[in-house]
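As structure tokens, the structure follows; a few thoughts come after it.
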Amino acid sequence: MEEKFAGIPVKVEYKKTSRLSMTFDKDGTLIVSVPLRAPESDILRFLNDHRRWIRIHYTQAVAFAEAHEDIKVEEGGLVPYLGENLTVHIGGRSRITMADGVIVFPEGSGEDEYVKWLKKKAKEYLPSKLALISESTGIPFRRTRISGAKKSWGSCSPDGTISLSWRLMMCPPGAIDYVIVHELCHRLHMDHSKEFWAEVEVRMPDYKKRKKWLDANSFLMDLFE
Ligand SMILES: [Zn+2]
């Protein structure tokens, strides 16, 4: 099987499956999963039948790959924190420290250490921010939960529990505030009706530009496991 289809890098993976499927990995390679004994002609037909899908998603995959190319927990790499990209320095200390746009990791650190640190920061930052905004907007909530959600930044359950993803710690404070206002307003309306958005706008007149930032940077949700 050739390694390119219509100029797009392809990797075929033979699996114990009865059907063909495909997805792009984070580097923009099309990964095609096929049954163990699938003939090459079946694979080619499958690709040809989905030409349009492949084109559209390839463009998105490349944009994603470019956006996070420099994000790496290694010397000289970048990591997103509160809307800024911190420069990574791997030093010898026993804990992660941060100053003047530089984040210093102990020797041998990688993504796991960064994620652990983000989760710790989230537990300090998000609940107190939620309490503050709840007080200033006069909308109460019952409980707060830090989640690892990748599909949404936050959610609000009917019993009044507000869940916020630790992944929010990569976003600017203004965008985090918007997510909190959004979830608090679900205490008033459990839907995305006109009435709901009116409540959001009253409390945060410039919410649209903050929401736009989150929409444009949703790739941050898929950055780490
Ligand atoms: Zn919502």
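The values are calculated or read from the model by the stated rules, or taken from the named source; none is laboratory data. Small disclaimer: the values here were computed from a predicted structure and weren't measured. Note that each Cβ is placed from the backbone with ideal geometry, even for glycine, and that neighbours are counted across all protein chains shown.
Numerical summary
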| item | result |
| --- | --- |
| Single residue of segment 99-118 satisfying the filter (in a loop (DSSP other than H, G, I, E, B) and touching a strand residue (DSSP E or B) at 6+ places or on another chain (Cβ under 7 Å)) that is nearest to residue 175 (Cα to Cα) | 101 |
| Scan of segment 143-196 for residues that are touching a Pro at 6+ places or on another chain (Cβ under 9 Å), of a type in the set (Val, Ile, Thr) and farther than 18 Å from residue 82 by Cα, ordered by number | 144 |
| Residue selected from segment 207-225 under the condition without any contact (Cβ under 8 Å) to a residue 40 or more places away in the chain and surrounded by fewer than 16 Cβ atoms within 10 Å (Cβ to Cβ), by the criterion nearest to residue 185 (Cα to Cα) | 208 |
| Among the residues listed as 149, 198, the single one being out of contact with any helix residue (DSSP H, G or I) (no Cβ under 7 Å at 6 or more places or on another chain) and in a loop (DSSP other than H, G, I, E, B) | 149 |
| Residues (buried (at least 20 other Cβ atoms within 10 Å of the Cβ), touching a residue at least 24 places away in the same chain (Cβ under 8 Å) and within 12 Å of the ligand (Cβ to nearest atom)) located in segment 175-206 | 178, 179, 180, 181, 182, 183, 184, 185, 186 |
| Which numbered condition residue 139 fails, given (1) within 16 Å of the ligand (Cβ to nearest atom); (2) outside the structural domain of residue 214 (by TED's automatic domain parsing) | (2) |
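Yes/no matrix, rows are residues, columns are (1) in contact (Cβ under 8 Å) with a residue 12 or more places away in the chain; (2) more than 22 Å from residue 26 (Cβ to Cβ); (3) basic (Lys, Arg):
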residue: 74; (1), (2), (3): yes, no, no
residue: 82; (1), (2), (3): yes, yes, no
residue: 93; (1), (2), (3): yes, yes, yes
residue: 105; (1), (2), (3): yes, no, no
residue: 112; (1), (2), (3): no, no, no
